[in-house]
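Enquirer: This is the structure, below, for whatever I ask next.
The values are calculated or read from the model by the stated rules, or taken from the named source; none is laboratory data. Please read these numbers as outputs of a predicted model, since none were measured by experiment. Here Cβ is always computed from backbone atoms with ideal geometry, including for glycine, and neighbour counts include all displayed protein chains.
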């Protein structure tokens, strides 16, 4: 087993990985840019080294700096997390040159499966159905536009190196093609250092279903079942769950087999995800392979009981997947929401800043994979993902009830988050029935919000009273000055109140 | 199903129960004493009502006040939690008079099983082996002392109404009898309003193993398996786990059957726990029945996937336990530590006060059942239990690794906690081998602490360097005044730092 | 003290409330639209208030927005509140119809200008993209709130901007 | 600035360290027992410090105790630290042997006196119970640190006491 692992990432996923290291007795080495000195992953790691200024290309995307840290700290393996360099084949190659084990697939498998266009070609050969589209990167935007026109709008422009919804644009007509191409390639360049795009036919209201696979270096490849990821905003997943309401045991087996076939065809090793679209007739189409750990891996962990990061590390260390893991029976239902620093009331614009106050949920069935903490300043330079909140329950209903309960307990003051969006989604009848598709959320967000049930209205009315009174107290600027003494409270005025008061005085309109 | 449940408790268990209510769509009603206005359970409940001054007897133990709140708020059921009135048969009787459903056993079952002496008599009749001792409350301390002398020391004095280690004293010889009797009966009176004691032979190094049962109102009684609770300090459980390392499938079945038999004999309904001592030869002896939810119920929840509080509510509402629940297969291993506000370095004296700062663990396999929050002042008037930290893993080893990792992440400043005690226990070879018994921790605490391994020493040496530097910086009073600027940090001096600085200046020695 | 508060929320629409606050020795005395309310308010953390309102428990967070309004959240509901000033109020009523008059386009969040899509003198339609700001790795197109003419573009490509900074002006 | 710190921990025993701290423009310059150390220290929260020590990351919480010592915790280790003052130090060396001289017995935590077990003039042995304080629902017996005579009992049954309050005196 490894002695010391370099975690070439930041935020919640770096924390996730270092926790696995700690549980395995492996030392964890974090890296940080200038604005990340106080980040949670730096605080919790065993070791931490600076790797340069805030822009990713000068820090988290710098393979040279990462290799330098690995050498200095004496690491014997590297975990890339997701995003940044996780799907860049230059990273496993550099690791090999430096004598580090890369915790992920071989560079060749990454290229043959990870590139969206090469993956499609491989899927064809492995007899896995694919979505219609270009099998090669777009050389010429004009030609691509002609092709899109011929294929019929809407089409998707997608980054060859992409993932996480970045470098992707839906184009509904000729007029939108140019700006869509411009934005997608620019985003792709920034996010992946590669601005190439390809084109895909956009299916009508499909489910986005993905299969989690594990492959060891000894030829065993297993499927851990599906994740339902259809709730997306602008192609970015926001809620994921397992199992999917629409997948039958038979379809699960077929899709799992297809995923395993494809992984074998590509010589895949380690954890990976094969993404599919599933249409209304339960036909499935290969979309792409994510040759890394997914953001939403905890959903699979909660239903299988497996620790995917530890398994990644074990596979990279040459361990065999034991037979028993193939017979893992999923239990119950899990659902994840991605809490972002963004403002749902203002076009989901990012909302960096200082977290003044924060109350987090807990209790039965709740897992919080956190990348932030109270008092920390969320920098403007990276992905707005703050934390992932995952609920588990015996049924989908219990899981949703727990998630809703946890979201009610979750409060962040100082920055905006999308928690309210999830409260809204979890009340939508379509969602509760599992009738979701990849455009469902975008459509929902275009509809005007309607009032909820009579019962809801009544609780809303009391809440409105409370809000109005709180607003008046705020205006009176007195819920601090007078220490908010209640009739029943016997507290003495404390430093806490004085600090709170000052914080508020600073922030008064 | 119920519309509104009164939670006749405070702290983490009140929070646990109101979370279940919220997930079931039932309104929760909290009660609070004067010092609890800001308690977490008040913040999170749907409704909350004051019930008097801090002393329990004038608030949480006042049945009249509870019934008054139930009537005013229009509750249709009451959950007692554990402690306070949870095992006082006057409470279910008062509920009946008020037209409330009591979420727990009938008053008669509570009396016939809950009283330690009556429970022993019932166990005799139900053919369940019991620990030698008095079958009746002690009438006369002198006679009891004579009996103890005859039975052979050590003996245990235990409160007839007892539970949670309160009102219990180990007496090793004649000389200790009088003070032991005085302390135990005085504690029992304060905790349960009943100072009666009984006497029990003290077994040599037994395991404390308890069986969780569920009984519906339609005659079905099921066992959910055992919890291992041998790690105790002064008869107070501090770590619980499931499954137990010593229980074989055969013994589990036998003990489960005995527990079910006893519950049937006592006409038991709702969730309950049958406690046993298990000796080195795997003989088991009935100890007592806890006619309520246990502090350590999350351990069973984590391995079975069941929500015991929701099941309690369903049973009280007259629902049947479905067949399926009998065939629940436990998965993996769960372990709980009880985080108390007490000072392990100073005789475990209680440590109430204000929580200045707090960092809580999260991530895979970690559940935190919290009763406190940063900024809150832990009152001096109640049990020092702050939170329960529960870890789950595929194996006992993984569970311990996760728990250790979570404890490393857990920081509380402002009050003392026993977190360091758990870090120590989780490193003990005996504990890691599962070689524990009810006196194991007390014996461990009497032994001088020895240095750990060479590797540990090295990490300890770096930690010592860091501690020394931090102490010097504290003395210099500069890690605030100069805003702790690091070479790599580009942060501006912020209000946060200034507040932190002030907080520290206030606290400088 | 008397306060008029205008509340807006998706679930209950717009609502005007008249609140009277008075402190006495036991705590607050509050009337809401003339109804006396039993209110017990304590602060839990900066900007977080626990309110017992006739026994109902609300945990309320208050976040002042750049436009002077307050964003108020309970666990289940979100509101926007503002003290009523008749003049200020009138101008804001039609926030969903097209903006009128000279419009300053401001950055909604800190970020970096990555593309300018228009230049001074261009004709633009309502909803047309004016420029693209990158923040938190996402490219966000800033659109014109009205049809008209670009009077001036103040932002430069590559320039870091703060929230509220004027980027361009459309007349 | 030069600091001498006496560290005590269960795992590594007692240790004396000499620390020199100097600030320069880039941060701290630190030497520990003459060895220069690369130290990067930032504050995370009140009393919580993140320290990078030659690349090793330590999260350290500092809690001043009533006796002027500092309780210092990392995730895995606990230390007691005090600035060395030769006179103060000498007196504390033999904390495990029996106390000598006139002893003030103080309440170790806030609570309520529930029983007095001795009265003025009683002879007591070392370790004998003097009185019982109830705090957080537990009864805690306060024992005599030495054999001797109870000079005076200041506490009364039922009386609430604060941490550090003198309860009785044994000579």
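Enquirer: Checking residue A:355 against (1) surrounded by fewer than 21 Cβ atoms within 10 Å (Cβ to Cβ); (2) touching a strand residue (DSSP E or B) at 6+ places or on another chain (Cβ under 7 Å); (3) facing another protein chain (nearest Cβ under 7 Å); (4) under 26 Å from residue A:55 (Cα atoms), which test does it fail?
Expert: So the condition that residue A:355 fails would be (3).
Enquirer: With the checklist (1) surrounded by fewer than 24 Cβ atoms within 10 Å (Cβ to Cβ); (2) within 22 Å of the chain's Cα centre (by Cα) in hand, flag the one item residue B:288 doesn't pass.
Expert: So residue B:288 meets the others, but not (1).
Enquirer: Pick out, from the range C:95-171, the strands (runs of 3 or more DSSP E) lying fully within it that include 1 or more residues that are within 10 Å of another protein chain (Cβ to nearest Cβ).
Expert: C:111-116, C:129-135, C:138-143
Enquirer: Need the failing condition index for residue A:182 against (1) closer than 24 Å to residue A:90 by Cα; (2) without any contact (Cβ under 8 Å) to a residue 40 or more places away in the chain, just the number.
Expert: Condition (1) is where residue A:182 drops out.
Enquirer: Among the strands (runs of 3 or more DSSP E) contained in the range A:353-443, which hold 1 or more residues that are at pLDDT below 95?
Expert: The strands (runs of 3 or more DSSP E) meeting that bar are A:357-359, A:411-413.
Okay, residues lined up against (1) more than 30 Å from residue B:216 (Cα to Cα); (2) more than 14 Å from chain D (Cβ to nearest Cβ); (3) in contact with a helix residue (DSSP H, G or I) (Cβ under 6 Å, 6 or more places away or on another chain):
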residue	(1), (2), (3)
B:308	no, yes, yes
B:321	no, yes, no
B:346	yes, no, no
B:362	yes, yes, no
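Enquirer: What number of residues in the range B:145-163 are surrounded by fewer than 22 Cβ atoms within 10 Å (Cβ to Cβ) and touching a helix residue (DSSP H, G or I) at 6+ places or on another chain (Cβ under 8 Å)?
Expert: Counting residues in the range B:145-163 that are surrounded by fewer than 22 Cβ atoms within 10 Å (Cβ to Cβ) and touching a helix residue (DSSP H, G or I) at 6+ places or on another chain (Cβ under 8 Å) gives 3.
Enquirer: Would you check which residues across the range C:17-36 are surrounded by fewer than 19 Cβ atoms within 10 Å (Cβ to Cβ) and either facing another protein chain (nearest Cβ under 7 Å) or at pLDDT below 90 (or both) and list them?
Expert: Matches in the range C:17-36: C:22, C:23, C:24, C:25, C:26, C:29.
Enquirer: List the strands (runs of 3 or more DSSP E) inside the range B:1-63, counting only whole elements, that have at least 2 residues being within 15 Å of residue C:56 (Cβ to Cβ) and free of Cβ contacts under 8 Å to residues at least 60 places away in the same chain.
Expert: In the range B:1-63, the matching strands (runs of 3 or more DSSP E) lie at B:27-32, B:47-50.
Enquirer: Right, next: Filter the range D:46-72 for residues that are facing chain B (nearest Cβ under 7 Å), over 25 Å from residue D:29 (Cβ atoms) and either surrounded by 22 or more Cβ atoms within 10 Å (Cβ to Cβ) or in contact (Cβ under 8 Å) with a residue 40 or more places away in the chain (or both) and give the result.
Expert: Result: D:46, single match.
Enquirer: Another question, if that's okay. Give just the number: which of (1) modelled with pLDDT of 95 or more; (2) outside any loop (DSSP other than H, G, I, E, B); (3) farther than 25 Å from residue A:261 by Cα does residue A:143 not satisfy?
Expert: (1)
Enquirer: Select, from B:100, B:156, B:113, the only residue that is over 20 Å from residue B:263 (Cα atoms) and within 24 Å of the chain's Cα centre (by Cα).
Expert: B:156
Enquirer: Being surrounded by 24 or more Cβ atoms within 10 Å (Cβ to Cβ) and more than 22 Å from residue B:338 (Cβ to Cβ) is the filter; apply it to the range B:1-29 and report the residue that is farthest from the other protein chains (Cβ to nearest Cβ).
Expert: That would be B:5.
Enquirer: Can you pull out the residues in the range B:164-189 that are modelled with pLDDT under 90 and in a strand (DSSP E or B)?
Expert: B:166, B:167, B:168, B:169, B:170
Enquirer: Then there is this: Please verify whether the range B:391-404 includes one or more residues that are over 19 Å from the mean Cα position of the chain (by Cα) and under 15 Å from residue B:12 (Cα atoms).
Expert: no
Enquirer: Does residue B:161 satisfy being more than 14 Å from every other protein chain (Cβ to nearest Cβ) and modelled with pLDDT under 85?
Expert: Taking the combined requirement at face value, the residue satisfies it.
Enquirer: Please go through the range B:43-82 and give me each residue that is touching a strand residue (DSSP E or B) at 6+ places or on another chain (Cβ under 8 Å) and either under 15 Å from residue B:103 (Cβ atoms) or modelled with pLDDT under 95 (or both), ordered by number.
Expert: B:66, B:70, B:75, B:76, B:77, B:78, B:79, B:80, B:81, B:82
Enquirer: Would a scan of the range B:193-200 turn up a residue that is farther than 30 Å from residue B:318 by Cβ and within 14 Å of another protein chain (Cβ to nearest Cβ)?
Expert: Yes; the residues of the range B:193-200 include at least one that is farther than 30 Å from residue B:318 by Cβ and within 14 Å of another protein chain (Cβ to nearest Cβ).
Enquirer: Within the range A:288-304, how many residues are part of a loop (DSSP other than H, G, I, E, B) and touching a helix residue (DSSP H, G or I) at 6+ places or on another chain (Cβ under 6 Å)?
Expert: Qualifying residue count, the range A:288-304: 1.
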